[in-house]
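Written out below as structure tokens is the structure these notes cover.
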Amino acid sequence: MDPLSLIPTPDVIPVHWGWLKFFLIATFFLHLLFMNTMLGIGIIALAQSLFKTPGSTSINREISAKLPYTIAFTVNMGVAPLLFIQVLYGQFIYTSSLLMAVYWLSITAILIIAYYSAYLYHYTFDAAGSARTIFMAITVVNLLIIGFFFSNNMTMMLSPDSWVRYFDAPGGTLLNLAEPTLIPRYLHFVLSAVAGGGLFLAIVWELKARRHENHYQERIQQSLRWFIGATLLQFAIGTWWLFTLPEHVARIFMGGSTPATALFILGMLGTILALIFGFKGRVRPCAGATILTILVMVLMRDQMRTAFLKPYFELAMLETNPQYGSLILFLIALGIGGAAIAYMLKLAFGNKTEARS
Amino acid sequence: MNYPVWELYFSGGGFWMVIIAVVHVYVSHFAVGGGLFLVLTEMKAYRENDSEILAYTKSHSKFFLLLTMVFAGITGVGIWFTISLLSPTATSTLVHIFVFGFATEWVCFLVEIIALFLYYYKFEKISRASHLKIGWLYFIFAWLSLFFINAIIDFMLTPGDWLETKSFWDGFFNPPWCPRSAFVQHWPCFWPVFSDL
């Protein structure tokens, strides 16, 4: 069967696809920053509890307070790219979601369990003693499952030739386990989360050290070791991922496409730079290099998706019915929302000497 | 080519829709009305100089955070997942017409989250006036998020002039939007507030 015949007809978009792609990339980048922090600090807290790392209690107490925030913002920042990807690639992602509907729908319940377990970990941190590890394990395992489902969907949407399996299993129970890129892609995201979590903790300790006369150097180093270890492993996993890509996709990063190749080189340089700063214990430059590298990786991911779908679809094929008034509404809301956030942060943190009356 | 159909062997798609929609709508109305309830109760505590009411407001804000941020927030995303699996064609149409309406609601959701975190974690740690302002901002943006989603939900029932013009605004300000907003947006949210106060 010709896979092309399985792809539904795309709907009309309200503005030029470039706008939607910009918002998709920008919001996915923010989502990834929070997701890396959330999953990373969760894995680190769990590992420290299981292996009883020295000083783990106070570090994990710190993590317990921050994890619920990161889940909230990861979810919120995930909503926007999920919206924009549906507008640009709806005919692909709705179909792949439907093929794995049972798993996809279960994400809601799994996420609620993970979220409440993170709050239980936080609120019972001292009372539960070592039993609190169970709460963190529940959170981390559930978040890892959600990530695995997302990796399945994001790879299945790129391979319409795998959709023919639907005719044998229309009950929404298909995963994309035969896809060669699935496991290295998933491990790449998990490892980047561990690196991101380690870096986030290093930033937290460095900020505390500035306020408390440098008592946290050991913790900064400990956190950076997570970052360095996971990033070094990333070279192996990233290479594995690259070699599992179809030839026509891998080629774009090897000179086949100038922008994709340039991004690939920038990504490598950014990673090496972040590692150098990490080895030197320079937290802020390391964070700067890492954030830029993540942005480059997001752009590479976009190039990869475009290459995967090229035999079937290009964004320029989308029909537009211009409705720029709705875009202006969103931009105004973004401005007002941003101003409200800035105002609230000023109220909460701006004037510490104000009397509480 | 059409979208495939999710073959549900033990229940119809409506079963899953009802479960998640009823639960979400019930709790999410608290997320709007409850925000007003919190600031009004806090104001009452200050006005009457009543530390017990203030302590109650603080403890209620923790419950409110856990209920609305986690349960209402995630089931809201869950509705989206559910409709896209049960009616991908309709969902795709809706998302393509109202992508920036949904995106505007997402901004409100973001402000809500930050406001609620600050309201709970800064209780009695910042000035009363600042704390109340954050509480009011939470309520305003929660109300706005309902305002935007309500227009989109109304469109699903009665698209009005959009059928001919295909205009975002005709779809947004559809015929029952005004009366339905006046009723749906206010009565279920606010009656618990005023009955409790």
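The values are calculated or read from the model by the stated rules, or taken from the named source; none is laboratory data. All values reported here derive from a predicted model rather than from experimental measurement. So basically every Cβ, Gly included, is an ideal-geometry build from the backbone, and we count neighbours across all protein chains shown.
Scan the stretch B:2-12 and tell me whether some residue there is part of a helix (DSSP H, G or I) and under 27 Å from the mean Cα position of the chain (by Cα).
no
Taking the options A:Y115, A:Y121, name whichever one is buried (at least 21 other Cβ atoms within 10 Å of the Cβ), in a helix (DSSP H, G or I), within 13 Å of another protein chain (Cβ to nearest Cβ) and not acidic (D, E).
A:Y115
Can you tell which of A:A178, A:A236 is hydrophobic (A, V, I, L, M, F, W, C) and part of a helix (DSSP H, G or I)?
Of the residues listed, the single one that is hydrophobic (A, V, I, L, M, F, W, C) and part of a helix (DSSP H, G or I) is A:A236.
Within 23 Å of the chain's Cα centre (by Cα), closer than 29 Å to B:W16 by Cα, more than 11 Å from chain B (Cβ to nearest Cβ) and surrounded by fewer than 17 Cβ atoms within 10 Å (Cβ to Cβ), is that true of A:V141?
For A:V141, the condition - within 23 Å of the chain's Cα centre (by Cα), closer than 29 Å to B:W16 by Cα, more than 11 Å from chain B (Cβ to nearest Cβ) and surrounded by fewer than 17 Cβ atoms within 10 Å (Cβ to Cβ) - is met.
Residues checked against (1) in a helix (DSSP H, G or I); (2) aromatic (F, W, Y); (3) at the interface with chain A (Cβ under 7 Å from one of its Cβ atoms):
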position	(1), (2), (3)
B:L67	yes, no, no
B:S84	yes, no, yes
B:T89	yes, no, no
B:W106	yes, yes, yes
B:L116	yes, no, no
B:W136	yes, yes, no
B:I140	yes, no, no
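Can you tell me which residue is surrounded by the most Cβ atoms within 10 Å (Cβ to Cβ) among those in the stretch A:68-112 that are closer than 22 Å to A:F308 by Cα and without any contact (Cβ under 8 Å) to a residue 24 or more places away in the chain?
Across the stretch A:68-112, the extreme among qualifying residues is A:Q86.
Which residue, of A:V87, A:V79, is closer than 16 Å to A:E314 by Cα, within 14 Å of chain B (Cβ to nearest Cβ), aliphatic (A, V, I, L, M) and assigned to a helix (DSSP H, G or I)?
Checking each option against the conditions leaves just A:V87.
I want to confirm something. Restricting to the stretch B:157-182 and keeping residues that are at pLDDT below 90 and among the hydrophobic types (A, V, I, L, M, F, W, C), which single residue is farthest from A:V15 (Cα to Cα)?
The qualifying residue farthest from A:V15 (Cα to Cα) is B:A182.
Sort through B:F71, B:F100, B:F63 and tell me the only one that's surrounded by fewer than 23 Cβ atoms within 10 Å (Cβ to Cβ), in contact (Cβ under 8 Å) with a residue 40 or more places away in the chain and in a helix (DSSP H, G or I).
Numbers: B:F100 fails: surrounded by fewer than 23 Cβ atoms within 10 Å (Cβ to Cβ); B:F63 fails: in contact (Cβ under 8 Å) with a residue 40 or more places away in the chain.
After applying the criteria, what remains is B:F71.
What are the pairs, 6+ residues apart or on separate chains, where a residue within the stretch A:301-319 that is over 22 Å from B:H96 (Cα atoms) has its Cβ under 7 Å from a residue that is of a type in the set (K, R)?
Short answer, once both residue conditions are applied: none.
Given the residues B:L118, B:L86, which is the only one that is buried (at least 17 other Cβ atoms within 10 Å of the Cβ), closer than 23 Å to B:L38 by Cβ, of a type in the set (A, V, I, L, M, F, W, C) and at pLDDT 95 or above?
B:L118
What is the number of the single condition among (1) in contact with a Pro (Cβ under 8 Å, 6 or more places away or on another chain); (2) facing another protein chain (nearest Cβ under 10 Å) that B:L157 does not meet?
With respect to (1) in contact with a Pro (Cβ under 8 Å, 6 or more places away or on another chain); (2) facing another protein chain (nearest Cβ under 10 Å), B:L157 is out only on (2).
What are the residue pairs meeting all of these: first residue in the stretch B:152-164, first residue among the small types (G, A, S), second residue surrounded by fewer than 18 Cβ atoms within 10 Å (Cβ to Cβ), Cβ atoms under 7 Å, and 6 or more apart or on different chains?
Going by the 7 Å Cβ cut-off, the qualifying pairs are B:G160/B:D170; B:G160/B:P175.
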